[in-house]
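Data first, discussion second: the structure below is written as structure tokens.
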Amino acid sequence: MSNAPLPQGWERIAPAYPLDCICWRLRVGGEMLQFDAGTGLGPLPVSIPDRLFLTHGHADHSGGAARLQAAGAQVVAGAQTATWLAAGDEAAISLDRARRAGLYPRTYRLAALATPASIMRPGERRQFGPATVECIVTTGHSADHMSFLVETPDSRALVAGDALFAGGTVVLQDAWDSTVPETCRTIERIAALAPDHILPGHGPVMSGTDASRAIELALARVARFLPPLPFL
């Protein structure tokens, strides 16, 4: 599947560390919104976002949040993610196990947020000029996973984190909070949203028929009492 063009106004931030997620940026209403932060193992971005939305606490998505906060970004997250990051709780985000598995350098540690994140509740909508950001529960990959439906006059884009990938695939890990039933419910929620674009944390953007096809393939597995196929 080829990488589709980004919706108008969106920018892809390439991973700075090999296992980093893709971070997404949208300039709207005089502000720069960024979704996810990566590990923080690369250089600090030249441009610091005004708002940093986090899909979940895994280090490849949220490890760099404290550094961006210190540089001036306001961190926005679901309640569970906010709690874990405020405490620097490595066990909660399975960083201790991921580090032992060799996914991160042995010296890598989660930096706790200096001040609490702004908590965004499920179903809550925030307005930024002509854009609306809505918080969507997408648990399954992790217990704290949220996605963000971003509606502009031009598009409805779901920043999906690790909830759904190209080809209708998912990532289920040997982590305490990664579950098949919640993953399946998440696929059904995403299908009900019917986004124009899906901006995942890894892999290609899905737009139009690619987005619809990914949802259809994942739903077909769920309908057969099975989890979607693995992304990795």
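Read-outs throughout are calculated quantities, based only on the coordinates presented, and are distinct from any laboratory measurement. Everything numeric in this text was worked out from a predicted model, so none of it was measured. Counting neighbours? That spans all protein chains shown, and the Cβs are built from the backbone with ideal geometry, glycine included.
What the table shows:
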{"read-out": "DSSP-defined antiparallel bridges as percent of all bridges, the range 10-223, nearest 5", "value": "70 percent"}
{"read-out": "Span from the the range 10-57 Cα centroid across to the the range 76-128 one, whole angstrom", "value": "15 Å"}
{"read-out": "Electrostatic dipole magnitude of the chain [Cβ: Lys, Arg +1; Asp, Glu -1; Cα centre; debye, to 20]", "value": "200 debye"}
{"read-out": "For q = 0.14 Å⁻¹, Debye-computed log10 I/I(0) when each Cα of the range 1-54 counts as one equal scatterer", "value": "-0.38"}
{"read-out": "Taking the range 10-223 and dividing mean pair separation by its residue count, relative contact order in percent (alpha carbons under 8 Å, at least six apart)", "value": "15 percent"}
{"read-out": "Within the range 133-220: Cβ-based charge dipole about Cα centre, in debye rounded to nearest 20 (Lys, Arg +1; Asp, Glu -1)", "value": "160 debye"}
{"read-out": "Among Pro181, Gly38, Tyr17 the positive-end extreme of the charge dipole of the chain (Cβ point charges)", "value": "Tyr17"}
{"read-out": "Cβ charges +1 (Lys, Arg) and -1 (Asp, Glu), total dipole of the range 108-164, debye", "value": "160 debye"}
{"read-out": "Residues Asp89, Asp20, Asp174, sorted so that the one with the fewest Cβ neighbours within 10 Å comes first", "value": "Asp174, Asp89, Asp20"}
{"read-out": "Principal axis dimensions, largest first and in whole angstrom, of the range 75-161 by Cα", "value": "45, 25, 19"}
{"read-out": "Using θ = phi - 60° and Karplus 6.51 cos²θ - 1.76 cosθ + 1.60, couplings along the range 157-168 (whole Hz; Gly, Pro as x)", "value": "10, 9, 7, 9, x, 10, 7, 7, 10, 3, x, x"}
{"read-out": "Calculated over the range 7-114: convex hull of Cα atoms, volume per residue (Å³)", "value": "97 Å³"}
{"read-out": "Evaluated at q = 0.10, 0.14, 0.17 Å⁻¹: base-10 log I(q)/I(0), Debye formula over Cα of the range 10-223", "value": "-0.38, -0.78, -1.18"}
